[in-house]
1. With respect to the numbered conditions (1) over 27 Å from residue B:378 (Cα atoms); (2) touching a strand residue (DSSP E or B) at 6+ places or on another chain (Cβ under 6 Å); (3) touching a residue at least 40 places away in the same chain (Cβ under 8 Å), which one is the sole condition not fulfilled by residue B:254?
2. Restricting to the range B:132-169, what's the tally of residues that are within 26 Å of residue B:226 (Cα to Cα) and of a type outside the set (A, V, I, L, M)?
3. Within the set of pairs 6 or more residues apart or between chains, which connect a residue that is outside the structural domain of residue B:188 (by the TED database) inside the range B:443-455 to a residue that is at pLDDT below 80 and crowded, with 18+ Cβ neighbours inside 10 Å with Cβ atoms less than 7 Å apart?
4. Which of the residues spanning the range B:503-538 are under 30 Å from residue B:414 (Cβ atoms) and among the polar types (S, T, N, Q)?
5. Does residue A:91 meet the test of being within 14 Å of another protein chain (Cβ to nearest Cβ), loosely packed, with under 12 Cβ neighbours inside 10 Å and modelled with pLDDT of 50 or more?
6. Quick one: residue B:539 ticks every box in (1) in the same structural domain as residue B:91 (by the TED database); (2) outside any loop (DSSP other than H, G, I, E, B); (3) not acidic (Asp, Glu) except a single one, so which number is it?
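The values are calculated or read from the model by the stated rules, or taken from the named source; none is laboratory data. If you're wondering where the values come from, they're calculated on a predicted model, not measured in any experiment. Here Cβ is always computed from backbone atoms with ideal geometry, including for glycine, and neighbour counts include all displayed protein chains.
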Amino acid sequence: MVVPSTFYSQQPPFCAHNQFHHIPERSQLISQITLPISHSSNFLEVCCSLCLMDSVLGNWPSYDPHNFSQLRTSDPSRSSKMAPATYHSIHNRDVPPADQVINTEHKNILLREIYRRAEEKLTPKRAASDNLIPEHGSKQPRVSTLSF
Amino acid sequence: MENGKKRREIVCGVWMLCLIHKTRGRGDVIRQILPSLLPSHYIIITLSLSLQSPNFISLLATPVAVCTVGGFFFFFSAHSSLVHYARKFYENLVPSYTVYEVECPDHSFRKFTDDGQYLISFSRNQQELIVYRPRWLSFSCKDEDCDNHDLPLKAKRFESFFTQLYCVPLASCNELICKDFFLYMESNKFGLFATSTAQVHDAPAVGGAVQGVPSIEKITFHLLRLEDGFVLDEKVFCNDYVNLAHNLGVFLYDDLLTIVSLRYQIIHILQIRDSGNLVHVRAIGEFCREDDELFLNSNAQGMALSDKNKQQQLLGNHIYNNIHQAQPNPGNSFLSGIKQRLLSFMFRGLWNEETDDTLRVQKIRQKFYFHFQDYCDLIIWKVQFLDRHHLLIKFGSVDGGRQVSRHADTHPAFVAVYNMDTTEIVSFYQNSADELYMLFEQFCDHFYATSRNSMHMNFISSHSNNIHALEQLRSIKDKASSSSQFMKKMLSSLPFSCQSLSPSPYFDQSLFRFDDKLISATDRHKQSTDHPIKFILRRHPYSLRFKIKPGPEAGSMDGRAKKISWFLFHPVLPLALSVQQTLIMQPPLNR
């Protein structure tokens, strides 16, 4: 089965090559967005910096002009406590850190549920404290690097 | 981006319409034998329809672009699609013509393989395997209105739809092929068949056998390469009993095969290698780990030696001991490994439930020791894989093993999850446990344990992935008189049998609505009526899409005779076979 996801990365076979020259603003947009990311390590800071760049976000339409009114652009103390530093690889030779890669859990959801119930039964005393400790099979918070 | 998308569709659309325009003028159109119900200006032209990739049909409601590349069909969609949403095209591609009473060879047809490549059938004397390749009848029509033409005469012939590939004798003189047994390994296109000699019902329980289970002198499993019918490997079980009907005693998951020997209470795990060899991996039953037997035997030898020395000493000292020193015999004194695991798991579970010591002892006495002998007498009835490391084992009493759902309440049954690598029992439920039912209701898909290699098995409708199936289940639950009876009835289907459901899109509950009592995805015989079985669209306009009428075209002559029918649906093509059998009943005596 031909996966449509790869389709977007290539030109569709039926469209002529010169039909794409009306989309330069999108590619410009992408290049504009990537620029702040490479310099800043914090996603929220990136958002804030993008908000400051009126030419990029300010003109985008939204239903309610008050939608982004709560966003405080100048609050570095709050933003620094949020997400951990994200590693962005700028070349192919680097392997991302182990805790920033999404892997499929080997046990399927049924077995995870069966094990969870079995562990609950075996340790009834520690049931309350178990809620604070993450389970064996739970995912650690990971940054998503979905690749299509 | 938006403009680019639209343009792509239009280009494809125009291209397709151009093709149609060209061919229409000539009036010489190659049609499909089973025309689609698309609007008439759509004609699907095939250059060569390949059966290799069933996933070539995948699309969404709107919009669709169609193109042919190198003789294969594949469909683009502009959006991503959910797994169960991907077969909506089959609402339009339905069987629209029935060929009644086809003259076919006198074989018993078993099923289509799950990838649609082969039709498996057995000769009437159950000694030979005949494999057919399903193919498509095509014909050309030169008239102006080809739509209203009848099918040509060759459509009534079996050979127009199926080509015989080979006929292989599997069973020797006193053996018979088990008609209801067939497992298909899709990745390598291997098929597993079974032959057996006659059953002996009152076999004596010797050599560790369970009393009450019949014995078969020789059961042979044959692994065949279905491309050419070459027998790759065989596995023989002597004086044993494996439940072969409808794949009950065997489960295939990826390349792992589990065969339950009921007579000796052993779960054999085999691996099917790519070379075609059946390799024995482990035998769970008496021993759980591979080196358990070695350990026990070496200890037994050590104990025997020390006893001998002691006896010599005693004789030498002329001291007569009235204490009878029994020879250590691990085979008689120990329970089987899996039973020990089970009992210790139950004990530990009950022990941990209470903190107070007296309450603990009381609980153990009531719930464990009181029923100890019953638990020891439990035998393994059925096994399935949950994944490569976990087995779901059904335990029951000797009498109630082959229970049907209506007898479920008379014999208690238990279900255990066993980890093959750590040899631990993970959980243990009675057949009517609420917890087990909740797992069954929420995660039914995962109980089906389909191979990771075959994508289309993910499309089976169950009440965990389909809202209509869930509604059906809920309505049965509401109508049931007692919830525990209902749960027992539903849970009696666990563990599931392997490859017992057809992956055909016409059984997809989100696409079609049909009467479950007359036809279903399971490959079991159903009561047959003269009325056609209707398949109705699930979404607006809820119209009748197609009907299946088993039996002769004009209806049967004798309306009172009991008829059963079964259906073989091709997993990909809009092709189905229906076989109807009339059961001849003896007339009542007039007094």
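1. Going through the list (1) over 27 Å from residue B:378 (Cα atoms); (2) touching a strand residue (DSSP E or B) at 6+ places or on another chain (Cβ under 6 Å); (3) touching a residue at least 40 places away in the same chain (Cβ under 8 Å), residue B:254 breaks only (2).
2. Looking only at that region, the number is 17.
3. Every condition considered, the pairs that remain are B:450/B:457; B:451/B:457.
4. B:520, B:522
5. no
6. Looking at each condition in turn, residue B:539 falls short on (2).
For every residue, the table says whether it meets (1) out of contact with any Phe, Trp or Tyr (no Cβ under 8 Å at 6 or more places or on another chain); (2) within 14 Å of another protein chain (Cβ to nearest Cβ).
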{"position": "B:346", "(1), (2)": "no, yes"}
{"position": "B:351", "(1), (2)": "yes, yes"}
{"position": "B:355", "(1), (2)": "yes, yes"}
{"position": "B:365", "(1), (2)": "yes, no"}
{"position": "B:370", "(1), (2)": "yes, no"}
{"position": "B:378", "(1), (2)": "no, no"}
{"position": "B:382", "(1), (2)": "yes, no"}
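Matching residues to (1) touching a Gly at 6+ places or on another chain (Cβ under 6 Å); (2) not in a strand (DSSP E or B):
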{"site": "B:209", "(1), (2)": "no, yes"}
{"site": "B:218", "(1), (2)": "no, no"}
{"site": "B:227", "(1), (2)": "no, yes"}
{"site": "B:238", "(1), (2)": "no, no"}
{"site": "B:242", "(1), (2)": "yes, yes"}
